[in-house]
Amino acid sequence: MSELTTQTSLQPEAASNANRVRRLKGLLLALLGAVLWGVSGTAAQVLFQRFGIAPGWLVAVRMTVSGLLLVTIVGVRTGRLSVLAPWRNLRTAVGMLVFGLIGLLGVQYTYFSAIGYGNAATATILQYLSPLVIVAYSAIRSRRLPSRTQFMCLILALVGSALLVTDGHVMRLSIAPLAVIWGLASAFAVTFYSMYPRRLLAQFGAATTTGWGMLVGGIIMSMMTVRGRTMPNLPLGAWGLVAFVVLFGTLLAFYLYMASLQYIEPAEASLLACGEPLAAAILALAVLHVRMGPIAICGGFCVLLTVTILSRSRK
């Protein structure tokens, strides 16, 4: 009898431990995806400034190639019937088209447009308003106020991101109206692609959903920007940066972020995406030898504190 009681008491503890492991896995996946985004963003900035690459061209190439590779990998691993499953049902096919065009393509195009009309700092700050949008939407939908932990993480994430990209010099930002519009659109696009594909992810998995979404968005973007243009004449090093942006900053980064949504909530994943400016700042400090002031370092600690609080809090 005592043995049975012991086993029964251990079951909730085992389930709790399993949930913690799943939660930690989701947090790490989201953070790693954000870090890859940050590093690839620095690489893309080099391509724009030093080699004259058009943002639309890079978006089209990175999405098309990444989507095609990911779909091919899934097809080889699971078979042709499995990888084509989303297109056999009208509802899921429409959902995949919406996710690819409004979600994945929307995030990348609006973000680079905000950079084009303004600057990377402004675009990043405005894009990282997305946690606020997600938390507000979740509260309205559930008719329940966000928790204290969510409020704390939200404030830390927003403040940390702002300090990282501005180093406290907010008044130096030159914000054009179109930069604000595109930046806010980017925040809503991040919200959409974080929350919309939950059913697609549950039904088809992160790899299939991300691959087809990338391919759909990349094909449409290619039709809009690349058609009729010749390939740019780039040195080998520049093509290496393009390959890095495509493989690591797009294919792997988006897959990791989508996979994290199977373990944690969209609001938490979006908060952890603030690791992107942290990674970009560290890379700029270590590789590009850009000075980072104490205020920017404080912003980095705010982002790290957000990750710590989320990893230790219970769902």
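The values are calculated or read from the model by the stated rules, or taken from the named source; none is laboratory data. In this text, all values refer to a predicted model and were calculated from it rather than measured experimentally. Backbone-built Cβ (ideal geometry, glycine too); neighbour counts: all protein chains shown.
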Just to check your reading of the model, which residue among T8, T42 is modelled with pLDDT under 75 and under 22 Å from the mean Cα position of the chain (by Cα)?
T42
Filter the stretch 89-115 down to residues that are under 13 Å from G217 (Cβ atoms), of a type in the set (S, T, N, Q) and more than 12 Å from the chain's Cα centre (by Cα), then give me how many there are.
1
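Among the residues of the stretch 267-276, is there at least one that is of a type in the set (S, T, N, Q), under 25 Å from G218 (Cα atoms), surrounded by 24 or more Cβ atoms within 10 Å (Cβ to Cβ) and modelled with pLDDT of 80 or more?
No, the stretch 267-276 has no match at all.
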Hey, does the stretch 54-70 have a residue that's crowded, with 20+ Cβ neighbours inside 10 Å, farther than 30 Å from Y117 by Cα and either at pLDDT 80 or above or not small (G, A, S) (or both)?
yes
Cross-chain or 6+ apart pairs with Cβ under 8 Å, the stretch 182-207 first and charged (D, E, K, R), then in a helix (DSSP H, G or I) and crowded, with 19+ Cβ neighbours inside 10 Å:
R198/P266; R199/G95
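Can you tell me which of M195, M96 is among the aliphatic types (A, V, I, L, M) and either at pLDDT below 75 or out of contact with any Leu (no Cβ under 8 Å at 6 or more places or on another chain) (or both)?
Values: M96 fails: either at pLDDT below 75 or out of contact with any Leu (no Cβ under 8 Å at 6 or more places or on another chain) (or both).
After applying the criteria, what remains is M195.
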Could you go through the stretch 64-71 and let me know if any residue there is over 17 Å from G217 (Cβ atoms), hydrophobic (A, V, I, L, M, F, W, C) and in a helix (DSSP H, G or I).
no
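Does L81 satisfy being among the aliphatic types (A, V, I, L, M), assigned to a helix (DSSP H, G or I) and buried (at least 16 other Cβ atoms within 10 Å of the Cβ)? Outline the logic, then answer.
On the way: among the aliphatic types (A, V, I, L, M): yes; assigned to a helix (DSSP H, G or I): yes; buried (at least 16 other Cβ atoms within 10 Å of the Cβ): no.
Spelling it out, it is not the case that L81 is among the aliphatic types (A, V, I, L, M), assigned to a helix (DSSP H, G or I) and buried (at least 16 other Cβ atoms within 10 Å of the Cβ).
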Taking L31 as the residue in question, decide whether it is hydrophobic (A, V, I, L, M, F, W, C), out of contact with any Phe, Trp or Tyr (no Cβ under 9 Å at 6 or more places or on another chain), surrounded by 14 or more Cβ atoms within 10 Å (Cβ to Cβ) and part of a helix (DSSP H, G or I).
yes
Taking the stretch 194-219 on its own, how many of its residues are in a helix (DSSP H, G or I), crowded, with 24+ Cβ neighbours inside 10 Å and not β-branched (V, I, T)?
7
Of residues in the stretch 110-133 being of a type in the set (S, T, N, Q) and surrounded by fewer than 22 Cβ atoms within 10 Å (Cβ to Cβ), the one modelled with the highest pLDDT
S113
